[in-house]
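Trainee: Below is the structure I would like to discuss, written out as structure tokens.
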Amino acid sequence: EMFFDLEKSYFIKASKSQGERWLAEIAKAASTEYVWIYDEDTSLWHHLITEKEDLIDPKEGVVRHKLLIPLAFRNPPGKNAFHYHIHPNGSQEALLNHPDFKADEYTPQVLQVRAQLPSAEDIESAAHLLGGGYKSGYSGFKIVTTLGITSIEYNFTEAIKAGALGTMNLSYEDLLEAIKSEGVLGGIKDQIERWNSYLKGGWKISFEPF
């Protein structure tokens, strides 16, 4: 299946839901944060492999990923385009096997929760891309794992009105309690609520499990 050939650029016609299921399968085995664009108007999924010099400059606010985002993805292909990347299981496994890994602080369940959350770099990337025309709503910028899809909404005008960010309160103890009482999905819900409280107006993060 061409969709799984991650070392080649391609266009594939498929529904949004089918592509999202494929991304979850890729996240199960991958170790790199690959990137796709989905154009809802044409039902085309676009995966692009590019050279380093063809990536958006990190100084423009986009800091990492294999997803140092290709210049070709700077502007959306249409009015209803979505940006996707995966947070793969391989990243969690690498942490679990790292010699400095602290098992009492980062349990496999905690890592599952954190994989579903946006990183600071994801927030910067979302602002850059959604401010540049990718579809807003709860949709334009999406993170896919084996558990589900995290979506980031960004409204530049509302973000300016909101002013300074709130106080970040990602309590590790509260996360452990949420996981203990409600499982990994409860931990994800708890942390996303805290992210939304921190980001204030103009932003919203949501999660939809598979």
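The values are calculated or read from the model by the stated rules, or taken from the named source; none is laboratory data. Please read these numbers as outputs of a predicted model, since none were measured by experiment. All Cβ positions, glycine included, derive from the backbone under ideal geometry; neighbour counts span all protein chains shown. The protein model used for the area step is the full one, side chains on, heavy atoms only, and it has no ligands, DNA or RNA in it. Shrake-Rupley method; radii C 1.70, N 1.55, O 1.52, S 1.80 Å.
Trainee: Listed highest first by mean packing, meaning other Cβ atoms within 10 Å per residue, what order do 8-14, 32-38 come in? Before the final figure, lay out each step's value.
Mentor: Working: 8-14: 13.1, 32-38: 21.4.
Sorting 8-14, 32-38 by mean packing, highest first, produces 32-38, 8-14.
Trainee: Would you check the accessible area of residue 207, probe 1.4 Å, heavy atoms only, in square angstrom rounded to 10?
Mentor: 50 Å²
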